[in-house]
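Asker: Before I ask anything, here is the structure I am working with.
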Amino acid sequence: MVMSYLKKLYAFIIFFFLYAPIMVLIVFSFNESKSRGSWDGFTLKWYIELFQDRQIMSALYNTIVIAILSSTIATAIGTAAAIGIHNMKQFKRSMVMNLTYLPVLNPDIVTGISLMLLFIFLKIRLGFLTLLLAHITFNIPYVIISVLPKLKQLNKHIYEAALDLGASPSYALRKVIIPEIMPGIITGFLLAFTLSLDDFVISFFTTGSGVSNLSITIYSMARRGINPKINALSTIMFVTVLLLLIIVNKRMSKTNIIKE
Amino acid sequence: MKEGRISSPYIIWMTIFIVFPILLILFFGITIRTDEGFKLSLENFQRFFEPIYLLVLWRSIRLAFISTVICLILGYPMAMILANKDLKMKNTLVLLFVIPMWMNFLLRTYAWMTLLERGGIINSFLSLLRIPPINLLYTEEAVILGMVYNFLPFMVLPIYSVLIKIDKSLLEAAEDLGADSYTVLRKVIFPLSIPGVISGITMVFMPAVTTFVISRLLGGGQFTLIGNLIEQQFLFVGDWNFGSAISIVMIILILISMGFMSKYEKENEGAGLW
Amino acid sequence: MKKIIKAVVAMVLISTVIFIMTGCGQSKPTLKVYNWGDYIDESIFKDFEEEYGIRIIYDTFATNEDMYIKIKAGGSDYDVAFPSDYMIERMISEDLLYEINYNNIPNYKYIGDEFKNFSYDPTNGYSVPYMWGTVGIIYNTTMVDDTVDSWDILWNEKYAKQILMLDSQRDSIGITLKKLGYSLNTKNVDELEAAKDALIEQKPLVLAYVGDEVKDKMIAGEAALAVVWSGDAVYMNWENPDLEYAIPKEGSNLWFDAMVIPKTSKNKENAELFINFMSRTDIAFKNADYIGYSTPHIEARNLLDEDLINDPTAYPELEDLVNCEVFKDLSDFLREYDKIWTEVKAR
């Protein structure tokens, strides 16, 4: 009995530790005063200022476009790569897999810097394009890692049966293999999408010429001091994440019930 | 199925964007810039082994190590609580644990800046208790706190995902054989959860040792970590050669620790988190 | 399942198209401006856009070195940048700047003559002065009861952990050299070594090495003393009247920031158009009034508030600054400064 209370207390403390800072940001995003020790009354002005801030809005735009494009392209390249890798001979396969794990294991800062050196070496102007290329690059391995296990579970004979029944290899691929591994592809896509949304370090080194994403903007704002606009931004992002996760979770539990 | 042709776009892509850039870093690392162009030299590495830079390396490892240990101590019991089968609303609680991880980590770090300041919430609270304000921000402790806060979920979730897979009958068998709950924990649960612990340690230690943001924002530029050193060389000093050499040292460091970890981690493959 | 996937794919595609289309909708010509953080009234961009139909893309840097590396390394295409004196000298000598066609900048005539012909741009060929000022100490009168007239106060144990230093190597090493009685352009290794030791000795007293956040921190009373640029001091005093600015008697740094056109620019004429616009009296006034820095623009200065014109923080008499020096480019010797600063911060 005591044990169970202790457990509850412990869990409460940890959750408090995780959420207290976020809650403080949310509460203070409605604070009239710019200083943070005192409460001067309720206001929505920081939200209005946030939406009028050109820099933040263009950063938001870049973040979303980059996330959509990079995760889509990475999913396409990554899925194809996974199918290819799955059918490779042992030696070549382990070579390619080592290559795949390299950016996953490499510290972000090294990946970011090496890409920056590459772009400068190739004389590509740092900006939107380089940011996109960098995001695709670090996203692909995660797609492959998500798709490969599904391919392993795949029954080899289905594909062969399809061929025996007269399907062309590409038809069999589209109609037999892809639908079977779809859950892995979707996981990979979502993973890539979130990683792209959240990335700071690699973006920081591979962008330039005034193109920035949300993370970079928050970093430069935070370096300038405490700004209630960031609090407002945090609140919006927190609520969005919360809603998204709740919706996803509801859907998942619903489909589970139907399946059962 | 026709062999690897379908993966050739990928292989070309990775050659251009992963292999070639790393070769560039290698090239810069083992050369120095002279008036006549680049000259092969190990000077950069020699420079890295000067006491001042070893101090930075040592500080990075020390802070990352402390943070990892704190994450483990705080996280393991939490993972056990979450993994408890009788827990009501378990999915919700796990979800609650994941949400902060989905928030931009800069925002999470920023949240602590507002809390720790001299005029921040914690100090205003202390002043109600008539305690004079203390410097919390821009200290080594603040940097460690930032690391623990940001990386704690990376410790809890892998351990959690291993713990829920433990066969309950094993635990019952142990109890039937007379083990008390402490012995069960020590002799059965903990050994079985080792793969989760290992991947948790990796997932906390690696980002912690290479971070430059947390030390910059919460340490006020005073606690140079190896990540800050690299950033400085590339973005402020412009000494790409020295910066590359430090990056190479870091890659080697990470690869060694990964090799070390993978010995313990056979089936888990580090995918436990997702 | 399949339907959901199709729906998701369709949504992704549609939203991508929409996003890209809205992005391309603004196909106006653009001009890329690279400036210090918080160093311009950003509403001026809108004025410029309305007047000339050129959209400004704005990016900021924290130190001269930061900006120099970005332009030198390539991979950028900034049209206008705002470096300081010694950095302009360096960029000229490394052929990173375009010569400006002053025929396109008629408003150059409003810039005071005392701000022309400085050693960093002896021929006045590459730069148009933007702002000028000094480096000094800002202190909170409620927290500091000593007279602030010397750099030594930043080494006073009494203010341990209440001192903010600039995270900028030339400035921080420079004031230390001044404190020790040396020139802030020294190339003497022993003098630099002494400065390094002094900075390392000071480090335990320092709360943080900061950039732009110094303003926020001092206004909020987070620290007692800070090294700042005079223009920031004016702004901080507006926000918090307890803050006072002093130029130490050992002398300090007198600096000039100017607008230049880096060779990365793809549209020199538009860059000149922008520089001329910034030097127009109404715009120069609006800007100086907003950021609080001291303008070299005579007409704009005369429009400013009486209090500001008479404020010795913003507009000291140039004769009073006899001990102050302007930074010079140290060319290759800069590596020593880099090294010292890295070591101080790594300690």
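The values are calculated or read from the model by the stated rules, or taken from the named source; none is laboratory data. Source: prediction; values computed, not measured. Cβ placement follows ideal geometry from the backbone for every residue including glycine, while neighbour counts extend to all protein chains displayed.
Asker: Are there any pairs, at least 6 apart or on different chains, whose C-beta atoms fall under 6 Å, with the first in region C:280-291 and more than 21 Å from residue C:233 (Cβ to Cβ) and the second of a type outside the set (A, V, I, L, M, F, W, C), and if so, which?
Answerer: Listed pairs, sorted by first residue: C:280/C:107; C:281/C:299.
Asker: If I filter region C:300-334 down to residues being among the acidic types (Asp, Glu) and crowded, with 19+ Cβ neighbours inside 10 Å, which single residue comes out as farthest from residue B:50 (Cα to Cα)? Don't jump to the end; show me each part of the working.
Answerer: Let us first name the residues in region C:300-334 that are among the acidic types (Asp, Glu), namely C:305-307, C:311, C:317, C:319-320, C:325, C:329, C:332.
Those still in the list that are crowded, with 19+ Cβ neighbours inside 10 Å too: C:311, C:329.
Values: C:311: 49, C:329: 28 Å.
Among those that are among the acidic types (Asp, Glu) and crowded, with 19+ Cβ neighbours inside 10 Å, it is C:311.
Asker: Something else: Please find, within region C:335-347, the residue that is surrounded by the most Cβ atoms within 10 Å (Cβ to Cβ) out of those that are under 23 Å from residue C:84 (Cα atoms) and without any contact (Cβ under 8 Å) to a residue 24 or more places away in the chain.
Answerer: C:342
Asker: Filter region C:324-334 for residues that are under 26 Å from residue B:227 (Cα atoms) and either among the hydrophobic types (A, V, I, L, M, F, W, C) or in contact (Cβ under 8 Å) with a residue 12 or more places away in the chain (or both) and give the result. I'd like the intermediate steps shown before the answer.
Answerer: Within region C:324-334, the first condition is being under 26 Å from residue B:227 (Cα atoms), and the residues that meet it are C:332-334.
Result: C:333, C:334.
Asker: For residues that are outside any helix (DSSP H, G or I) and touching a residue at least 12 places away in the same chain (Cβ under 8 Å), scanning just region A:97-146, find the one that is nearest to the other protein chains (Cβ to nearest Cβ). Explain how you work it out, then say what you get.
Answerer: We begin by selecting, within region A:97-146, every residue outside any helix (DSSP H, G or I); these are A:106-107, A:122-127.
Going one step further and asking which of them are touching a residue at least 12 places away in the same chain (Cβ under 8 Å), we end up with A:125-127.
Working: A:125: 6, A:126: 4, A:127: 8 Å.
Checked region A:97-146; the qualifying residue nearest to the other protein chains (Cβ to nearest Cβ) is A:126.
Asker: A further question on this structure: Scanning for something modelled with pLDDT under 85 and within 13 Å of chain B (Cβ to nearest Cβ), does region A:38-55 turn up at least one residue?
Answerer: Yes, region A:38-55 contains a residue that is modelled with pLDDT under 85 and within 13 Å of chain B (Cβ to nearest Cβ).
Asker: Go through (1) at pLDDT 90 or above; (2) more than 21 Å from residue B:140 (Cβ to Cβ); (3) in contact with a Ser or Thr (Cβ under 9 Å, 6 or more places away or on another chain); (4) among the hydrophobic types (A, V, I, L, M, F, W, C) for residue B:205 and report which single condition fails.
Answerer: (2)
Asker: So, one more: So which of C:257, C:307, C:311, C:282 ends up being over 28 Å from residue C:173 (Cβ atoms) and modelled with pLDDT of 90 or more? Let's see the steps before the verdict.
Answerer: Values: C:257 fails: over 28 Å from residue C:173 (Cβ atoms); C:307 fails: modelled with pLDDT of 90 or more; C:311 fails: modelled with pLDDT of 90 or more.
Result: C:282 is the single residue among C:257, C:307, C:311, C:282 that is over 28 Å from residue C:173 (Cβ atoms) and modelled with pLDDT of 90 or more.
Asker: Suppose the filter is at pLDDT 90 or above, among the hydroxyl-bearing types (Ser, Thr, Tyr) and surrounded by fewer than 18 Cβ atoms within 10 Å (Cβ to Cβ); does residue C:295 pass it?
Answerer: Numbers: at pLDDT 90 or above: yes; among the hydroxyl-bearing types (Ser, Thr, Tyr): yes; surrounded by fewer than 18 Cβ atoms within 10 Å (Cβ to Cβ): no.
So residue C:295 fails the test.
Asker: If you don't mind, there's one more thing I want to ask. Would you be able to tell me the number of residues in region C:259-296 that are within 14 Å of residue C:99 (Cβ to Cβ) and not acidic (Asp, Glu)?
Answerer: Taking region C:259-296 first, the residues within 14 Å of residue C:99 (Cβ to Cβ) are C:259-263, C:265, C:268-269, C:271-272, C:275.
From what's left, not acidic (Asp, Glu): C:259-263, C:265, C:268, C:271, C:275.
The number of residues fulfilling the criteria is 9.
Asker: Shifting gears a bit: Within region B:80-91, is even one residue at pLDDT 95 or above, out of contact with any Phe, Trp or Tyr (no Cβ under 7 Å at 6 or more places or on another chain) and among the aliphatic types (A, V, I, L, M)?
Answerer: Filtering region B:80-91 for residues at pLDDT 95 or above gives none.
No, that holds for no residue.
Asker: For region C:298-314, enumerate the residues that are over 17 Å from the mean Cα position of the chain (by Cα), not in a helix (DSSP H, G or I) and not polar (S, T, N, Q). Steps first, answer last, please.
Answerer: Start the filter on region C:298-314 by keeping residues that are over 17 Å from the mean Cα position of the chain (by Cα), which leaves C:298-312.
Narrowing the set further to residues that are not in a helix (DSSP H, G or I) leaves C:304-305, C:310-312.
Those that are over 17 Å from the mean Cα position of the chain (by Cα), not in a helix (DSSP H, G or I) and not polar (S, T, N, Q): C:304, C:305, C:311, C:312.
Asker: I'd like the full set of residues that are within 12 Å of chain C (Cβ to nearest Cβ) and outside any helix (DSSP H, G or I), limited to region A:167-211.
Answerer: A:207, A:208, A:209, A:210, A:211
Asker: For region A:101-135, what are the residues that are among the β-branched types (Val, Ile, Thr), under 24 Å from residue A:79 (Cα atoms) and surrounded by 24 or more Cβ atoms within 10 Å (Cβ to Cβ)?
Answerer: Residues of region A:101-135 that are among the β-branched types (Val, Ile, Thr), as a first pass: A:104, A:109-111, A:113, A:120, A:124, A:130.
Subset that is under 24 Å from residue A:79 (Cα atoms): A:104, A:111, A:130.
Those that are among the β-branched types (Val, Ile, Thr), under 24 Å from residue A:79 (Cα atoms) and surrounded by 24 or more Cβ atoms within 10 Å (Cβ to Cβ): A:111, A:130.
Asker: Could you check region B:19-43 and list, in sequence order, the residues that are in a helix (DSSP H, G or I) and modelled with pLDDT of 90 or more? I'd like the intermediate steps shown before the answer.
Answerer: If we filter region B:19-43 for residues that are in a helix (DSSP H, G or I), which is where we start, we get B:19-29, B:43.
If the condition is that a residue be in a helix (DSSP H, G or I) and modelled with pLDDT of 90 or more, then B:19, B:20, B:21, B:22, B:23, B:24, B:25, B:26, B:27, B:28, B:29 are the ones that fit.
Asker: Which of the helices (runs of 4 or more DSSP H) found entirely inside region B:51-133 contain at least 3 residues meeting this: closer than 19 Å to residue B:162 by Cα?
Answerer: On the way: elements: B:51-83, B:90-102, B:105-116, B:121-128.
Qualifying helices (runs of 4 or more DSSP H): B:51-83, B:90-102.
Asker: A further question on this structure: Return the pair list, or none, for Cβ contacts closer than 6 Å from residues in region B:231-242 that are over 15 Å from residue C:337 (Cβ atoms) to residues that are among the aromatic types (Phe, Trp, Tyr), at least 6 apart or on different chains.
Answerer: B:231/B:212; B:240/B:28; B:241/B:28
Asker: Determine whether residue B:141 is charged (D, E, K, R), free of Cβ contacts under 8 Å to residues at least 12 places away in the same chain and closer than 27 Å to residue B:117 by Cβ. Explain how you work it out, then say what you get.
Answerer: Working: charged (D, E, K, R): yes; free of Cβ contacts under 8 Å to residues at least 12 places away in the same chain: yes; closer than 27 Å to residue B:117 by Cβ: yes.
Yes: the conditions hold for residue B:141.
Asker: Filter region C:42-56 down to residues that are more than 30 Å from residue B:231 (Cα to Cα) and outside any helix (DSSP H, G or I) and give me whichever is farthest from the other protein chains (Cβ to nearest Cβ).
Answerer: Of the residues in region C:42-56, the ones more than 30 Å from residue B:231 (Cα to Cα) are C:43-55.
Narrowing further to those that are outside any helix (DSSP H, G or I): C:53-55.
Numbers: C:53: 17, C:54: 14, C:55: 10 Å.
So the residue we want is C:53.
Asker: Is it the case that residue C:246 is over 14 Å from the mean Cα position of the chain (by Cα) and outside the structural domain of residue C:53 (by TED's automatic domain parsing)? Show your work before the answer.
Answerer: On the way: over 14 Å from the mean Cα position of the chain (by Cα): yes; outside the structural domain of residue C:53 (by TED's automatic domain parsing): yes.
For residue C:246, the condition - over 14 Å from the mean Cα position of the chain (by Cα) and outside the structural domain of residue C:53 (by TED's automatic domain parsing) - is met.
Asker: Out of all the residues in region C:328-338, is one or more assigned to a helix (DSSP H, G or I), touching a Leu at 6+ places or on another chain (Cβ under 8 Å) and over 30 Å from residue B:216 (Cβ atoms)? Spell out the reasoning first.
Answerer: The first filter runs over region C:328-338 and keeps only residues assigned to a helix (DSSP H, G or I), leaving C:331-338.
Narrowing the set further to residues that are touching a Leu at 6+ places or on another chain (Cβ under 8 Å) leaves C:336-337.
Narrowing the set further to residues that are over 30 Å from residue B:216 (Cβ atoms) leaves none.
The answer is no, given that none of the residues of region C:328-338 is assigned to a helix (DSSP H, G or I), touching a Leu at 6+ places or on another chain (Cβ under 8 Å) and over 30 Å from residue B:216 (Cβ atoms).
Asker: Mind checking which residues of region C:57-101 are part of a strand (DSSP E or B) and touching a residue at least 40 places away in the same chain (Cβ under 8 Å)? Before you say what the answer is, go through the steps one by one.
Answerer: Of all residues in region C:57-101, those part of a strand (DSSP E or B) come to C:57-61, C:80-81, C:84, C:97.
Correct list: C:80, C:81, C:84, C:97.
Asker: Tell me which of these residue B:101 doesn't satisfy, since it passes every other one: (1) over 30 Å from residue A:230 (Cβ atoms); (2) aliphatic (A, V, I, L, M); (3) within 28 Å of the chain's Cα centre (by Cα).
Answerer: Checking residue B:101 against (1) over 30 Å from residue A:230 (Cβ atoms); (2) aliphatic (A, V, I, L, M); (3) within 28 Å of the chain's Cα centre (by Cα), the one that fails is (1).
Asker: Another question, then. Give the number of residues within region C:221-254 that are among the hydroxyl-bearing types (Ser, Thr, Tyr) and assigned to a strand (DSSP E or B). First the steps, then the outcome.
Answerer: Residues of region C:221-254 that are among the hydroxyl-bearing types (Ser, Thr, Tyr), as a first pass: C:230, C:235, C:245, C:252.
Checking which are assigned to a strand (DSSP E or B) leaves us with C:245.
Of the residues in that region, 1 qualify.
Asker: Exactly one condition in (1) among the acidic types (Asp, Glu); (2) touching a strand residue (DSSP E or B) at 6+ places or on another chain (Cβ under 8 Å); (3) part of a helix (DSSP H, G or I) is not met by residue A:40; state its number.
Answerer: Only one criterion is unmet by residue A:40, namely (3).
Asker: Would you confirm, using the coordinates I've provided, whether residue B:62 is modelled with pLDDT of 85 or more and of a type in the set (D, E, K, R)?
Answerer: Numbers: modelled with pLDDT of 85 or more: yes; of a type in the set (D, E, K, R): yes.
The answer is yes for residue B:62.
Asker: Any residue in region C:197-214 that is away from every other protein chain (no Cβ under 11 Å) sitting within a Cβ distance under 7 Å of a residue that is buried (at least 22 other Cβ atoms within 10 Å of the Cβ) and polar (S, T, N, Q)? List the pairs, counting only those 6 or more apart or interchain.
Answerer: Short answer, once both residue conditions are applied: C:198/C:176; C:199/C:172; C:199/C:176.
Asker: Looking at region A:175-194, is at least one residue aromatic (Phe, Trp, Tyr) and touching a residue at least 60 places away in the same chain (Cβ under 8 Å)? It would help to see each step written out before you state the result.
Answerer: Narrowing region A:175-194 to residues aromatic (Phe, Trp, Tyr): A:189, A:193.
Now narrow it down to the ones that are touching a residue at least 60 places away in the same chain (Cβ under 8 Å): A:189, A:193.
Yes: region A:175-194 contains one or more residues that are aromatic (Phe, Trp, Tyr) and touching a residue at least 60 places away in the same chain (Cβ under 8 Å).
Asker: What pairs come out if I take residues in region B:17-31 that are at the interface with another protein chain (Cβ under 7 Å from one of its Cβ atoms) and closer than 17 Å to residue B:45 by Cα and pair them with residues that are among the hydrophobic types (A, V, I, L, M, F, W, C) and surrounded by fewer than 22 Cβ atoms within 10 Å (Cβ to Cβ) whose C-beta lies under 7 Å away, six or more apart or interchain?
Answerer: Taking only residues 6 or more apart or on different chains, the pairs are B:24/A:121; B:25/B:248.
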